[in-house]
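The values are calculated or read from the model by the stated rules, or taken from the named source; none is laboratory data. Only a predicted model underlies this, so the values are computations on that prediction, with no experimental measurement involved. Here the Cβ is made from the backbone with ideal geometry for all residues, glycine too, and neighbour counts use every protein chain on show.
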Amino acid sequence: MFANYGYKDGSGEFFISVDTGRCAGCPDKGCVEACPEQVLEVITDDYDDQVIAVREEHRKKIKYSCAPCKPTGGTKEIPCVAACRLGGLRHSW
Ligand code: SF4
Ligand code: SF4
């Protein structure tokens, strides 16, 4: 199942999608430590699985919270995505 966190406005769509099935089986949750802005946290979902979520305070400003990680030209590895070996995390922008 995918959980989507973010928003859209006139400038685009800004969502982080979490594949909670993959997170449930992920032993180290490496994306949380990898994030320099403390955007991600581990929560217990409705199925009693430990999965990641975007912290409430970042959900309506995720474009800005993640801006330091985003490439302004060329390619740049995004820390949370790079840390995830299971492909559990996607950014829409
Ligand atoms: S996004 Fe990746 S690293 Fe983070 S908890 Fe999910 S599977 Fe693990
Ligand atoms: S893009 Fe950067 S700030 Fe945003 S969740 Fe990933 S590591 Fe954290």
Subject >> Residue pairs meeting the criteria (Cβ under 7 Å; at least 6 apart or on separate chains; first more than 9 Å from ligand 2 (Cβ to nearest atom), in segment 66-85; second modelled with pLDDT of 85 or more) >> reply: Cys84/Gly30; Cys84/Cys31
Subject >> Given (1) polar (S, T, N, Q); (2) out of contact with any Ser or Thr (no Cβ under 6 Å at 6 or more places or on another chain); (3) free of Cβ contacts under 8 Å to residues at least 40 places away in the same chain, index of the condition Ser11 fails >> reply: (3)
Original post:
Can Lys63 be described as surrounded by 14 or more Cβ atoms within 10 Å (Cβ to Cβ) and more than 16 Å from ligand 1 (Cβ to nearest atom)?
Top reply: yes
**OP:** Please find, within segment 38-53, the residue that is nearest to ligand 1 (Cβ to nearest atom) out of those that are closer than 15 Å to Pro79 by Cα and surrounded by fewer than 16 Cβ atoms within 10 Å (Cβ to Cβ).
**Re:** Glu41
Original post:
When both residues are 6+ apart or on different chains and their Cβ atoms are under 6 Å apart, which pairs have a first residue that lies in segment 24-44 and is farther than 19 Å from Phe14 by Cα, and a second that is part of a loop (DSSP other than H, G, I, E, B) and at pLDDT 95 or above?
Top reply: Ala24/Asp49; Cys26/Leu86; Val42/Lys29
